[in-house]
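The values are calculated or read from the model by the stated rules, or taken from the named source; none is laboratory data. This one's a predicted model, so the numbers in the text were calculated from it and none came from an experiment. Methodologically, a virtual Cβ is constructed for each residue, glycine included, from the backbone with ideal geometry; neighbour enumeration extends over all protein chains shown.
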Amino acid sequence: MNDLRRFAPATARNREAILAVLERVVPAGANVLEIASGTGEHAVFLAPRLGVTSWQPSDPDPESRRSIDAWRAEADAERVLPAIELDVTAPWPALAATPDVVVCVNMIHISPWASCLALLAGAARALERGGHLYLYGPYRRGGRHTAPSNEAFDASLRSRDPAWGVRDLEEVTAAAAARGFAPPEVVEMPANNLSVVLAKPAGATRDAPASS
């Protein structure tokens, strides 16, 4: 039988650091929606350690969804739900549970800017008041790369697709604010990455502006 699991070497390097941040963001018993779950390795590692009620992985790519479900089966991760098809730029599907937290790791720099805006808008719609959006990846700060390796990575991304690239943190958080999120908590992570935690204020509603 073919092993449908895919492997992302970066996962083993960043998952503990991501867990340390999410332990403060994800309440016990939460429902989590993961956007662009990729291989599925983060889902099966994080869900049992965070004590969530459910972790909903998603990806627009069918091969990625097969990998996610293969990891789910191999790990016997009962809190991880079967992967669903979700393209942030299309209407989002109905979810099994309203998410308390939306998690997105390493997506917005390998997709067009419109995808980042659609992610912010969709998360604003999906989250209840008091919910959180968690983003992880490389960013420029003050219009500058934070390390030569990030600058080289950015050039590589843009050579593959001019619409891709390392985003400006200030531009992302300004777009998030326009969609109803509070100012971010920014946590420096290994390998010149950042965790960006965006809260939907307790006074907000799920009908926050969602234009992308």
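Please go through the stretch 80-104 and pick out each residue that is farther than 14 Å from V32 by Cβ and in contact (Cβ under 8 Å) with a residue 60 or more places away in the chain.
First, the residues of the stretch 80-104 that are farther than 14 Å from V32 by Cβ: 82, 85, 87-94.
The answer is T89, and nothing else.
Residues checked against (1) free of Cβ contacts under 8 Å to residues at least 40 places away in the same chain; (2) more than 21 Å from N14 (Cα to Cα):
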| position | (1), (2) |
| --- | --- |
| G40 | no, no |
| V44 | yes, no |
| P48 | yes, no |
| G51 | yes, no |
| P62 | yes, yes |
| E78 | yes, yes |
query: Applying the selection to the stretch 196-212, what residues are of a type outside the set (K, R), buried (at least 17 other Cβ atoms within 10 Å of the Cβ) and at pLDDT 85 or above?
result: V196, V197, L198, A199
statement: The lone condition H42 fails out of (1) in contact with a Leu (Cβ under 8 Å, 6 or more places away or on another chain); (2) more than 17 Å from G130 (Cα to Cα) is (1)
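Can you name every one of the helices (runs of 4 or more DSSP H) wholly within the stretch 46-160 that holds 1 or more residues which are surrounded by fewer than 19 Cβ atoms within 10 Å (Cβ to Cβ), among the acidic types (D, E) and more than 18 Å from the chain's Cα centre (by Cα)?
On the way: elements: 62-75, 113-126, 148-160.
Of the helices (runs of 4 or more DSSP H) lying wholly inside the stretch 46-160, those with at least 1 residues that are surrounded by fewer than 19 Cβ atoms within 10 Å (Cβ to Cβ), among the acidic types (D, E) and more than 18 Å from the chain's Cα centre (by Cα) span 62-75, 148-160.
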statement: Among A20, A36, the single one that is among the small types (G, A, S), closer than 24 Å to P190 by Cβ and surrounded by fewer than 20 Cβ atoms within 10 Å (Cβ to Cβ) is A20
- prompt: Yes or no: A12 of a type in the set (A, V, I, L, M), modelled with pLDDT under 95, in a helix (DSSP H, G or I) and surrounded by fewer than 20 Cβ atoms within 10 Å (Cβ to Cβ)?
  reply: yes
- line: Filter the stretch 15-45 for residues that are of a type in the set (V, I, T) and assigned to a strand (DSSP E or B); the one that is farthest from the chain's Cα centre (by Cα) is V32
- request: Could you please give the count of residues in the stretch 161-195 that are buried (at least 16 other Cβ atoms within 10 Å of the Cβ) and assigned to a loop (DSSP other than H, G, I, E, B)?
  value: 8
query: Under the condition of being free of Cβ contacts under 8 Å to residues at least 40 places away in the same chain and not β-branched (V, I, T), which residue from the stretch 162-175 is farthest from L198 (Cα to Cα)?
result: P162
